[in-house]
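The structure appears right after this line, and notes come after that.
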Amino acid sequence: MKTLILMFAAAALCTSIAAAKGDPVTSDQFVLLPVKSDPTVSFRIWFQAGSQDDPKGKEGLAYITAQMVTDGATRKNSYEQVLEKLYPLAASYNAAVNVEMTVISGRTHKDNLKEYYALLTDALLEPAFLQADLDRIKSDILNSLENQLRYSSDEELGKAVLYGEIFRGTSYAHLTNGTIDAVKGITLDDVRSFYQSHYARNRVTIGLGGGYDQKLISDLKRDLGRFPAATDQTPGAPVPQPINGINVAMVEKDAPATAISFGFPINLVRGSKEWYALAIANSWLGEHRNSSSHLYQVIREKRGLNYGDYSYIEHYPGGGFRMLPPQNACRRQQIFEVWIRPVPNETRHFALRAAVREVKGLIANGLTQEEFDLTRKFLKKYVLNYAPTTMERLGYALDDKFYGIKGSHLEIYRSMMDKLTLNDVNAAVKKHLQTDNMRIAVITKDAASFRDALVGDLPSPISYKTPKPQEVLDEDKVIGTFPLKVPAERITIVPVTELFNK
Amino acid sequence: MKPLVMIGLFAIAVLTATAGPKPFFPYKYTRHVLPNGLTAYLIPMETPGLVAYYSVVRTGSRDEVEAGKSGFAHFFEHMMFRGTKKYPADVYDNLITSIGAKANAYTTDDLTAYHLNFAKEDLAQVIELESDRFQNLFYEEREFQTEAGAVYGEYRKSITSPWSVLNEKVQDLAYDVHTYKHTTIGFEADIKAMPDQFEYSKTFFKRFYRPENVVLLIAGDVDVKKTVKLLDEKYGPWAKGYTAPAVVPEPPQTAERTAEVSYPGKTLPILDIAYKGDAFDPSNKEYVAAMLLGDLAFGETSAIYKKLVVNEQRVQRLDSSIPMNRDLPLFEISAMIKKADDITGVRDEIYAALETFKNTPIDARRLSDLKKRNKYGFLMGLNTPDRVAGGMARFAALTGGIETVDQLYAAMEAVTPQDIMRAAGKYFAPERRTVVVLKGAQQ
């Protein structure tokens, strides 16, 4: 009998599913997390499809197809009827589409499982793919690309530009929800074709958690076994163009404050010892939305320049509204990334220098024993907050499968905090971090003068409206003349209206 | 579809069919009140060793009654992280970091909440730190001034959203004298002037951060007896002295108000129609009916949503809000409209929908579907200590406790189609409304 990959918070449980001959969906396609005391049932249906699978000129297709499945009519029910039937159950199902994964997830109270399951499987297996639904979904995306991202979220815009630059020419380059021209051109035939080639029984992993019974497993095997099989055409991992020196992509926008992101590819994914070692250094440098972040201390805490400054070794979508990392945003190719939230325009050069200088300092000096001990002590318990619910633990379990991790990333993470040494961490920093070859994304007004300042490596003094301690003022002088010379040919400026069109 | 956001607003549960009032809230809790008036709710629940600790101060931007001082409740929330003599800011931060706590705070119109999530073995440490900073907060002028910079940074970040620009205008226009006139982050001019308000900030602490004005919500893996003992010991010395601010009540609105506001970037036009509502009160039948009316009239299964969003696709999104407030809030309907020349048309559709609800009783099945939805939504939302304590925060701020959840449940279960008609007629009258249209300058 085949054993299943199970995740369980307190203890490991072993159950097996009888593998009948010729089962179209096999036992090893299940990731199970039974929790008897949970009155709800959580589903995460993972299809091996993402924006990396978008055909050229059809960027956004993976995303649109997923939306058509979850937010459209089925053969049985119009979209309104779907909403009406879900309404009293207080349940929904939603698609999270990233570069490598599409995960359709939802949760229902046990009392309503029968009705919910019928609606969920109907959506997955019998989408109607109606023109009216496609029009509505496309309109939503175009509003997001044309208006919201370009105009009302400069920090998300900065990150999007950075990823676009680092992954230019690869399957990771475009935004998940596409480009304006491509989205406009996507048709129902495109959607049907993508659905048939990617929503396949041999490309699905079924995550199930909470208070479910065995019958649900056999129901899922039977029902999702109705998907056709498809050949695997997943593209190889992207190979980002090598970065030569410091390259700056500026976006000219009439903005009152400047958003900055910078980074470079790293060859490290979770599961390896080095990843956990680098995670400690990264947490010290820029733990997401935590005042323990060193970058936060330098730029916000001491100088009051902005709302926060953080760093990452894994892609972290939605950072502005999340406090903790998302699940199911896995990538085979990650980057090291620094996020500087909008600073007053006149301090942009100073803030950039301050951040780069801190990264450089970390590489040169490593962490001290004290910093190491505090950070690993922090992470060991902080990680407990990452997945307090069944649904979140189930998400991590799927991610474990993606990354080929035997066991649980979260449990390994915590145990590594006891096993790693200061040397491990500083060695990982020296091996994976550097500041000579990076891409920088800047969203700002009057970009040309910033370009000139970088080209000339001009000093960027800073002044404050309120007094600062002498040590800060002394350090300001060093920051203000920190060498960060960039040749003119490595700086581009585009107007914001040109972004995301193609 | 829109992901469900359960904020613990609606509460319905049928546990067992026994006689007498049924408690709706599904966990057994203990209420403990100290002699100085500090109230604590301890809510044990199953969890993998986590505790959520919320300190709810019943003060928000509503309490900013002095001219030129808008935004101070929020600014003060920032200052609460600046340390005490016993635990200066960096020591506090280090301790919070070393226990791996997830810690933050937020400010709204009626409350300020300080929340931590941590491992159960660190509860004593958290009580030590929280009791200290609420009693002995200490900061110098320089740190105060630096933090003002961060607050201005937060303002700059948030004003890039058209919704922030819109809300500023709607509130300012709808209210003449009540402090709901300004948004929680405050007027830009007041934020700019903050660095010079060091002395004022200290009076804020003295008047409002007092035990009678605070409710603690502690949920998760907690030992009630031991925790109560610690609370008595650590918060006991905290001196009373809450001074209620003189919030001027808003006089009734007698005529419709309208305005247009411009957003410096690109956005689809947004229409906001705000009606003067009623303060939170489970015994106010029309108010409770209005809470249900919002979803029935404008939710995803409403006639107007199907028409404007799904079928005719004239509207990008449609939202309504019937909030819970200490004083008279705005009951709002907002629509992001695809074409500027359709604003009037959409507006009239909204008015027509409201007329229908005034004159035609809702289908009984739809009403019972909503009640079922609220039941399961609430139950499913109470699955972590943070959601339990966090979900109860607003109830605690408005009423000083969480017992009101059971009252609200009973009241909602009793709402009839006639109640809904009366609520529609009462609140959604033209003379009570303020209508603002926001347009992008760069279309």
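The values are calculated or read from the model by the stated rules, or taken from the named source; none is laboratory data. Everything numeric here is computed off the predicted structure, so don't read it as measured data. With ideal geometry, Cβ positions are generated from the backbone for all residues, glycine too; neighbour counts draw on all protein chains shown. Just so you know, the surface numbers come from the protein's heavy atoms only, side chains and all, with ligands and any DNA or RNA stripped out. Shrake-Rupley method; radii C 1.70, N 1.55, O 1.52, S 1.80 Å.
What the table shows:
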quantity	calculated
Test set (1) open to solvent by 40 Å² or more (accessible area, probe 1.4 Å); (2) in contact with a Gly (Cβ under 8 Å, 6 or more places away or on another chain); (3) within 14 Å of another protein chain (Cβ to nearest Cβ) - residue A:41 fails condition number	(1)
Residue count, the stretch A:334-363 (criterion: farther than 14 Å from residue A:162 by Cα and either open to solvent by 20 Å² or more (accessible area, probe 1.4 Å) or hydrophobic (A, V, I, L, M, F, W, C) (or both))	18
Residue in the stretch A:234-258 that is most open to solvent (accessible area, probe 1.4 Å), counting only those that are within 14 Å of chain B (Cβ to nearest Cβ) and part of a strand (DSSP E or B)	A:252
Those residues of the stretch B:48-75 which are touching a helix residue (DSSP H, G or I) at 6+ places or on another chain (Cβ under 6 Å), surrounded by fewer than 21 Cβ atoms within 10 Å (Cβ to Cβ) and closer than 27 Å to residue B:230 by Cα, in sequence order	B:49
Only one of A:118, A:182, A:128, A:123 that is open to solvent by 30 Å² or more (accessible area, probe 1.4 Å) and either modelled with pLDDT of 95 or more or not aromatic (Phe, Trp, Tyr) (or both)	A:118
Count - residues of the stretch A:341-376 that are outside any helix (DSSP H, G or I), closer than 24 Å to residue A:255 by Cβ and not basic (Lys, Arg)	3
Close pairs from the stretch A:448-471: first away from chain B (no Cβ under 14 Å), partner among the aromatic types (Phe, Trp, Tyr), Cβ under 7 Å, at least 6 apart	A:460/A:350
Cβ pairs under 7 Å, 6+ apart, first in the stretch A:282-303 and closer than 15 Å to residue B:90 by Cβ, second polar (S, T, N, Q) and open to solvent by 30 Å² or more (accessible area, probe 1.4 Å)	A:301/A:291
Out of B:202, B:225, sole residue that is surrounded by fewer than 18 Cβ atoms within 10 Å (Cβ to Cβ), over 24 Å from residue B:70 (Cβ atoms) and either within 24 Å of the chain's Cα centre (by Cα) or free of Cβ contacts under 8 Å to residues at least 60 places away in the same chain (or both)	B:225
The stretch B:379-424, subset open to solvent by 40 Å² or more (accessible area, probe 1.4 Å) and of a type in the set (Gly, Ala, Ser), residue farthest from residue B:351 (Cα to Cα)	B:410
Of residues in the stretch B:237-266 being within 22 Å of residue B:181 (Cβ to Cβ) and within 14 Å of chain A (Cβ to nearest Cβ), the one most open to solvent (accessible area, probe 1.4 Å)	B:262
Criterion violated by residue A:493 - all others in (1) open to solvent by 40 Å² or more (accessible area, probe 1.4 Å); (2) within 13 Å of chain B (Cβ to nearest Cβ); (3) in a strand (DSSP E or B) satisfied	(2)
Scan of the stretch A:404-416 for residues that are within 25 Å of residue B:48 (Cα to Cα) and open to solvent by 10 Å² or more (accessible area, probe 1.4 Å), ordered by number	A:405, A:406, A:407, A:408, A:410, A:411, A:412, A:413, A:414, A:415, A:416
Lone unmet requirement of (1) among the acidic types (Asp, Glu); (2) closer than 26 Å to residue B:235 by Cα; (3) touching a strand residue (DSSP E or B) at 6+ places or on another chain (Cβ under 9 Å); (4) within 14 Å of chain A (Cβ to nearest Cβ) for residue B:143	(2)
Among (1) within 21 Å of residue A:382 (Cβ to Cβ); (2) in contact with a strand residue (DSSP E or B) (Cβ under 6 Å, 6 or more places away or on another chain); (3) facing chain A (nearest Cβ under 10 Å), the one test that residue B:126 misses	(3)
